[in-house]
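Engineer: Please read through the structure below; I'll follow up with questions.
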Amino acid sequence: MAVTLDDLVHLVKVSLLHYSTAAVAVILCLYRGYAFLSPLPLCFTAATLALGYWEARARRLLRRRQAFRWSEEIVLVTGGSGGLGQQLVRTLAVRNATVASLDISPPTDGLGSNVTHYTCDLTDPAAVERTYRQVVAELGAPTVLINNAGIVRPRLVAEESLDDLLITFQVNFFAAVQLTKLALPDMLKAGRGHLVNVSSVLGYTAACRVAAYTSSKAALSNYTDALRQEVHTKYGAGDIIHVTLVAPGQLATPLFEKAELGTFLTPILVPHELSKAILDAVASETDQQVKLPFYTTLLPFMSALPIPVKQFLHRFSAADTAMDGFAKTVDNI
């Protein structure tokens with residue numbers, strides 16, 4: 001199996017950056033008689049304190065996840081019949097949550113007794129509102145909304161029609177906005193809720209043949225950040241309503257199954273790995289940003305790079321040729 005950047009990052013985390021390593025380094029420095037306030041031991045001391053804090057924080061979050069009662073949650077998932085959405089629905093079903101799965105396609109496997117499928121065309125705003133009202137009437141108001149549905153129509157800019165752009169934005173952005181506007185008042189009234197928007201690493205950078213997709217995901221990412229700020233500062237509900245942005249790299253799902261990226265910098269995620277990270281974020285009952293694999297945490301800084309450097313990184317990662325293998329539209333709505 002090929003070694004990836006994520007493997008190297010994990011190795012550093014569990015070795016050099018582990019809090020116990022910093023603690024041992026401080027002890028050795030003291031034993032050798034270094035002045036405690038000299039730069040090197042002081043650095044190790046700061047690292048020990050910082051990493052110890054994050055270790056304790058992680059343990060607290062783990063305890064909260066263990067205490068989270070999924071059986072008390074009503075979760076609405078869009079795009080629940082395939083890919084990541086299907087994995088989310090399956091996992092939520094096992095965790096005994098009440099699940100509403102919205103998708104234009106029927107489910108491909110059996111649904112548990114706690115999962116209800118709703119056929120919904122996310123390109124039709126009237127259908128979206130009608131389906132949401134039906135979910136509330138039959139299951140209750142959602143306490144967790146996961147806007148997961150997505151569509152990609154690989155086209156060169158000059159080949160894209162206005163319909164391609166409108167449909168892509170309707171599914172990837174406007175449907176998520178509409179459902180958020182419907183769910184937020186219900187969550188505020190109930191005094192709790194979690195809003196999850198599944199964007200993409202392509203919301204931070206562009207690539208050939210996916211101008212509409214990257215633009216719609218950039219809109220969703222910025223909308224989510226604005227939503228989080230408003231929940232905290234305008235609604236004063238940051239303690240009860242939480243907002244999570246998910247910005248993954250390439251997933252092993254039909255949406256990007258023909259994309260050909262390098263594997264060292266850009267390893268392919270499997271749906272159950274991302275699904276677990278999303279549900280852990282919800283169970284933490286805090287605002288979260290889920291970015292996997294490691295390289296996705298670096299891409300927000302790419303906009304500050306000179307254009308020649310950006311172009312080199314695109315060539316090195318094969319980003320501009322990754323979508324050349326697509327010959328048809330791929331929908332996951």
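Engineer: Taking θ = phi - 60°, what integer Hz values does the Karplus form 6.51 cos²θ - 1.76 cosθ + 1.60 yield along segment 81-94, in sequence order, with x for Gly and Pro?
Structural biologist: So the J values, rounded to whole Hz, are 9, x, x, 4, x, 4, 5, 4, 4, 4, 5, 5, 4, 5.
Engineer: Also, I was wondering about something else. I'd like to compare 243-249, 194-200, 285-291: which one has the highest average count of other Cβ atoms within 10 Å, and what's the full order after that? Please list the in-between numbers first.
Structural biologist: Details: 243-249: 23.7, 194-200: 26.6, 285-291: 18.0.
The most tightly packed comes first, giving 194-200, 243-249, 285-291.
Engineer: For GLN288, enumerate residues with amide H under 5 Å from its amide H, sequence gap 5+ or separate chain, H modeled in the peptide plane.
Structural biologist: VAL243, THR244, LEU245
Engineer: Please list, in chain and number order, the residues 5+ apart from GLN250 or on another chain whose amide H is under 5 Å from its amide H, with Hs placed from the backbone.
Structural biologist: LEU269
Engineer: Using modelled backbone amide H atoms (1.01 Å from N, in-plane), which distant-in-sequence or interchain residues come within less than 5 Å of VAL152's amide H?
Structural biologist: Distant-sequence amide H within range of VAL152: VAL330, ASN332.
Engineer: Can you work out ³J(HN,Hα) from phi for every residue in segment 154-169, in order, using Karplus 6.51 cos²θ - 1.76 cosθ + 1.60 and θ = phi - 60°, giving whole Hz and x for Gly and Pro?
Structural biologist: Per residue, the Karplus-derived 3J(HN,Hα) values read x, 8, 5, 4, 6, 9, 5, 8, 5, 4, 4, 5, 5, 5, 4, 5 Hz.
Engineer: Show me 70-78, 269-277, 152-160 ranked by packing, highest mean number of other Cβ atoms within 10 Å first. Before the final figure, lay out each step's value.
Structural biologist: Working: 70-78: 21.3, 269-277: 17.4, 152-160: 15.7.
Packing proxy ranking, top to bottom: 70-78, 269-277, 152-160.
The numbers here are math on the coordinates, done by the rules we state, and not lab data. Source: prediction; values computed, not measured. Virtual Cβ from ideal backbone geometry, glycine too; neighbours counted across all protein chains shown.
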